[in-house]
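Note sheet for the following structure.
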Amino acid sequence: LLVALTPEGHLMVQEDREGATYGIIIRDRNFLNGARHSVYYRRDLNETELFIDRQLVEIEEIQDQILSSLQDLGANEVQVGGINTTD
């Protein structure tokens, strides 16, 4: 799961699901405004819920991308910040 800000201040959420990539970029507002924002994400098999600032947001399949090549992270672990490297 990738949650990031673009250089323009838009919120980007992407996830890798067994060979397919799903995600969204929220362009209708700027998230670099100093305010606190909330992100709630839940997935059960192919059923997902994504709430940004308590509003339901639909994610769709996008062009395949490799989000991480690390195989040793557990299924329920998330990395926040930094860079994933294999060394």
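Annotation note: Cβ proximity below 9 Å between a residue of the stretch 44-59 that is at pLDDT 85 or above and a residue that is open to solvent by 60 Å² or more (accessible area, probe 1.4 Å) and β-branched (Val, Ile, Thr) (sequence gap 6+ or interchain) occurs for LEU50/VAL39; PHE51/VAL39; ILE52/VAL39; ASP53/VAL39. For the stretch 5-28, the criterion of being modelled with pLDDT under 85, surrounded by 12 or more Cβ atoms within 10 Å (Cβ to Cβ) and assigned to a loop (DSSP other than H, G, I, E, B) is met by none of the residues.
Take the conditions open to solvent by 90 Å² or more (accessible area, probe 1.4 Å), modelled with pLDDT of 85 or more and either outside any strand (DSSP E or B) or not hydroxyl-bearing (Ser, Thr, Tyr) (or both) and apply them to ARG36. Does it pass?
Details: open to solvent by 90 Å² or more (accessible area, probe 1.4 Å): yes; modelled with pLDDT of 85 or more: yes; either outside any strand (DSSP E or B) or not hydroxyl-bearing (Ser, Thr, Tyr) (or both): yes.
So ARG36 passes the test.
The values are calculated or read from the model by the stated rules, or taken from the named source; none is laboratory data. Bear in mind the structure is a predicted one, so any value in this text is a computation, not a measurement. Every residue, glycine as well, gets a Cβ built from its backbone with ideal geometry; the counts of neighbours run over all protein chains shown. Just the protein is used for accessible areas: all its heavy atoms, side chains included, with ligands, DNA and RNA removed. Shrake-Rupley method; radii C 1.70, N 1.55, O 1.52, S 1.80 Å.
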